1. Identify the residue in segment 95-125 that is touching a residue at least 40 places away in the same chain (Cβ under 8 Å) and among the polar types (S, T, N, Q) and, among all such residues, is farthest from P4 (Cα to Cα).
2. Does F117 satisfy the criteria of being within 14 Å of A15 (Cα to Cα), aromatic (F, W, Y) and in contact with a strand residue (DSSP E or B) (Cβ under 7 Å, 6 or more places away or on another chain)?
3. Against the condition under 15 Å from I147 (Cβ atoms), of a type in the set (F, W, Y) and touching a residue at least 12 places away in the same chain (Cβ under 8 Å), how does Y40 come out, does it pass?
4. List, please: which pairs have Cβ atoms under 9 Å, are six or more places apart or on different chains, and start with a residue in segment 4-27 that is under 19 Å from V49 (Cα atoms) and end with one that is assigned to a strand (DSSP E or B) and acidic (D, E)?
5. Mind telling me which of the residues V19, V39, V26 ends up being within 23 Å of I68 (Cβ to Cβ) and more than 11 Å from the chain's Cα centre (by Cα)?
6. State which residue is surrounded by the most Cβ atoms within 10 Å (Cβ to Cβ) when the search covers only segment 1-33 and only residues that are hydroxyl-bearing (S, T, Y) and modelled with pLDDT of 95 or more.
7. Do any strands (runs of 3 or more DSSP E) entirely within segment 30-91 hold 2 or more residues that are among the basic types (K, R), touching a Ser or Thr at 6+ places or on another chain (Cβ under 6 Å) and on the phi > 0 side of the Ramachandran plot, and if so, which?
8. Quick check on E137: is it farther than 20 Å from I29 by Cα, among the charged types (D, E, K, R) and surrounded by fewer than 18 Cβ atoms within 10 Å (Cβ to Cβ)?
Amino acid sequence: MSTPFNTFDDIYQAARSEVGVRLFTVSAIADNGTAMARVYTTHPDVYPVGGKKTFSEDTDPQWLQHVIEDQQPFMGKDKEAVRAFFFDYETIESLGCGAIINVPVISDGKTVGSMNFLDTEGSYNQVSLQVAVQIAERSGNVLEETISTVG
């Protein structure tokens, strides 16, 4: 097993060099499991820390089942896939992104958040997905520390 990361900045550097990202965010399960709250972002002007997406209003039920409940990574290779699952696709596209990988962050068998890698359309493939999963596996401790300090 690889060494765990120490900070979100360390995680971002790995995401940038090993997967490739234009936008990178980390979200934690919030509000008693009814929302995701952003705890890290490379674009705070557009996607600020503390921003939330509610599961009932802002999240596609198929994505929610796949990533949060079934604990499986999601990959959208092109703009059509991004548009199909994300209500904020226009903002995503305005940043030059047209591909996404979302990886659940799991601690003690429970989904505690997601790691979100976004880049240009066609940037991601199965290798990208596997590397993103490996990065997320090394990141649970950082997300757990953030959750414990936030409340």
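1. Start the filter on segment 95-125 by keeping residues that are touching a residue at least 40 places away in the same chain (Cβ under 8 Å), which leaves 95-97, 101, 105, 111-125.
Applying the additional criterion that residues be among the polar types (S, T, N, Q) yields 111, 114, 116, 120, 123, 125.
Working: T111: 17, S114: 16, N116: 18, T120: 28, S123: 26, N125: 24 Å.
Applying the filter and picking the extreme gives T120.
2. Numbers: within 14 Å of A15 (Cα to Cα): yes; aromatic (F, W, Y): yes; in contact with a strand residue (DSSP E or B) (Cβ under 7 Å, 6 or more places away or on another chain): yes.
Yes.
3. Numbers: under 15 Å from I147 (Cβ atoms): yes; of a type in the set (F, W, Y): yes; touching a residue at least 12 places away in the same chain (Cβ under 8 Å): yes.
Against the criterion (under 15 Å from I147 (Cβ atoms), of a type in the set (F, W, Y) and touching a residue at least 12 places away in the same chain (Cβ under 8 Å)), Y40 qualifies.
4. From residues that are under 19 Å from V49 (Cα atoms), the pairs are V21/D119; R22/D119; L23/D119.
5. On inspection, the qualifying residue turns out to be V19.
6. Restricting to residues being hydroxyl-bearing (S, T, Y) and modelled with pLDDT of 95 or more, the top hit is T25.
7. Correct list: empty, since no element meets the threshold.
8. Values: farther than 20 Å from I29 by Cα: no; among the charged types (D, E, K, R): yes; surrounded by fewer than 18 Cβ atoms within 10 Å (Cβ to Cβ): yes.
Criteria not met by E137.
The values are calculated or read from the model by the stated rules, or taken from the named source; none is laboratory data. Note that the structure is a prediction, hence the values are computed from the model and not measured. Ideal geometry is used to build each Cβ from the backbone, glycine not excepted, and the neighbour counts take in all protein chains shown.
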